[in-house]
Amino acid sequence: MELLQPSELDELDELDGGLPIAGGTEVVPLLREGLLRTEKLVDINAVVPHGIEGTRIGAGATLAELELDPQVPEALREACGLAASPQLRNMGSVAGNLLQATRCWYWRLGYPCRLHGGDSCHARDGEHREHAIFANDFCASAHPSDVAAALLALGSTLRTTRRELSVREFYRLPTPDDRRTTTLEPGEVILELEVPPADASTYLKAMDRKRWAFPLVGVAAVRRGAETTVALAGVAPVPWLLDGSLDDATPLPGTAYKVQIATALVERARAAVA
């Protein structure tokens, strides 16, 4: 495997077929497990923006930086602090966190599931305690990013090497003709995020361990004026904006408990930002 280290943004256009890597906390394990394959790794640390300036966050900023910076809205700071161990937060970039792959054990073990191009979702008829309660008819995987849910609730925008789009537009539900869960195109790289301020925000999380576990349910609540926006982690194949009611959930037999947890956390989160 070849490691390329471009020093200018323009050089990325010449590295067709290379796999971008920044902190490596997501890419390296997937390569090791054979879930990602590439002949070229492209270290983008020298070409993507870093740091935090007001409402702008560089794609290379680490979760540890975001957790501690008072410029960052509370919900995002809390999500970063709950996202992983200190070692991973010091290495992992915010853009990389948005691109996390599912923790579904069938996908991780290489079963021919729908995300792998297969014809069935093994979780629907198998073990699915940690899986989705929304949009789970085609694929029941649950998106694991706390940070993505917070950014979704905050109404954040991404700038890539090709365009600007909202975090909501960045994610997509997998379909029979397109199994991807993001709209990022081959060769497209996230450069920075724009995170608008909020009057009040919070992120609450239920997990199997007290610290450093993926969300069973995560809830971000953001208030601007009299309007509160709520987004959830761990409940759908993508970060889930709660446009309607939790009554719209379609849990599987083993995930009905998640609806109860989500109901309690949403109530608490709304009260916290009221």
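The values are calculated or read from the model by the stated rules, or taken from the named source; none is laboratory data. Here the structure is a predicted model, which is why all the values come from computation and not from measurement. All Cβ positions, even for glycine, are placed from backbone atoms using ideal geometry, and neighbour counts span all protein chains on display. For accessibility, only protein heavy atoms count, side chains too; no ligands or nucleic acids. Shrake-Rupley method; radii C 1.70, N 1.55, O 1.52, S 1.80 Å.
The set of residues in the range 100-131 being touching a Ser or Thr at 6+ places or on another chain (Cβ under 7 Å) and closer than 25 Å to VAL195 by Cβ consists of GLN100, THR102. Would you confirm, using the coordinates I've provided, whether GLY60 is small (Gly, Ala, Ser) and free of Cβ contacts under 8 Å to residues at least 40 places away in the same chain? Against the criterion (small (Gly, Ala, Ser) and free of Cβ contacts under 8 Å to residues at least 40 places away in the same chain), GLY60 qualifies. Filtering the range 14-33 to residues that are more than 21 Å from the chain's Cα centre (by Cα) and among the small types (Gly, Ala, Ser) leaves GLY17, GLY18.
Within the range 127-168, the set of residues being of a type in the set (Asp, Glu) and open to solvent by 20 Å² or more (accessible area, probe 1.4 Å) comprises GLU127, GLU130, ASP137, GLU164. Which residue is most open to solvent (accessible area, probe 1.4 Å), if the candidates are limited to the range 234-274 and must be more than 24 Å from THR181 (Cβ to Cβ) and in contact with a Ser or Thr (Cβ under 7 Å, 6 or more places away or on another chain)? Selected residue: ARG270. Name the pairs: first residue in the range 89-106 and under 17 Å from LEU216 (Cα atoms), second residue of a type in the set (Val, Ile, Thr) and assigned to a loop (DSSP other than H, G, I, E, B), Cβ to Cβ under 8 Å, at least 6 apart or on different chains? Cβ pairs passing all conditions: THR102/THR181.
To keep it simple, each residue is scored yes or no on (1) closer than 18 Å to GLY24 by Cβ; (2) among the polar types (S, T, N, Q).
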| site | (1), (2) |
| --- | --- |
| LEU88 | yes, no |
| MET91 | yes, no |
| GLY96 | yes, no |
| GLN100 | yes, yes |
| TRP107 | no, no |
| ALA123 | no, no |
| GLU130 | no, no |
| PHE134 | no, no |
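Scanning the range 5-17 for residues that are among the polar types (S, T, N, Q) and either buried (at least 19 other Cβ atoms within 10 Å of the Cβ) or under 23 Å from ALA84 (Cα atoms) (or both) returns no hits.
Within the range 78-90, take every residue that is surrounded by 20 or more Cβ atoms within 10 Å (Cβ to Cβ) and of a type in the set (A, V, I, L, M, F, W, C) and give me the one that is modelled with the lowest pLDDT. Top of the filtered list is ALA84. All but one of (1) part of a helix (DSSP H, G or I); (2) open to solvent by 50 Å² or more (accessible area, probe 1.4 Å); (3) under 24 Å from LEU19 (Cβ atoms) hold for ARG124; which doesn't? It fails just one condition, (3). Considering only the range 180-200, I want to know if a residue exists there that is within 27 Å of ARG124 (Cβ to Cβ), touching a residue at least 40 places away in the same chain (Cβ under 8 Å) and open to solvent by less than 10 Å² (accessible area, probe 1.4 Å). Checking the range 180-200: not a single residue is within 27 Å of ARG124 (Cβ to Cβ), touching a residue at least 40 places away in the same chain (Cβ under 8 Å) and open to solvent by less than 10 Å² (accessible area, probe 1.4 Å). Please work out if GLY110 is open to solvent by 10 Å² or more (accessible area, probe 1.4 Å) and more than 24 Å from TRP240 (Cβ to Cβ). Yes; evaluated as a whole, the condition is true for this residue. For the range 221-274, filtered to residues that are part of a loop (DSSP other than H, G, I, E, B) and within 18 Å of the chain's Cα centre (by Cα), the residue that is farthest from ALA123 (Cα to Cα) is LEU242. The set of residues in the range 18-39 that are free of Cβ contacts under 8 Å to residues at least 60 places away in the same chain and open to solvent by 50 Å² or more (accessible area, probe 1.4 Å) comprises VAL28, ARG32, LEU36, ARG37, GLU39.
Looking at the structure I just gave you, is SER93 of a type in the set (Ser, Thr, Tyr) and either touching a helix residue (DSSP H, G or I) at 6+ places or on another chain (Cβ under 6 Å) or surrounded by fewer than 24 Cβ atoms within 10 Å (Cβ to Cβ) (or both)? No, not satisfied. Per this entry, PRO174 is not counted among residues that are surrounded by fewer than 16 Cβ atoms within 10 Å (Cβ to Cβ) and in contact with a Ser or Thr (Cβ under 8 Å, 6 or more places away or on another chain).
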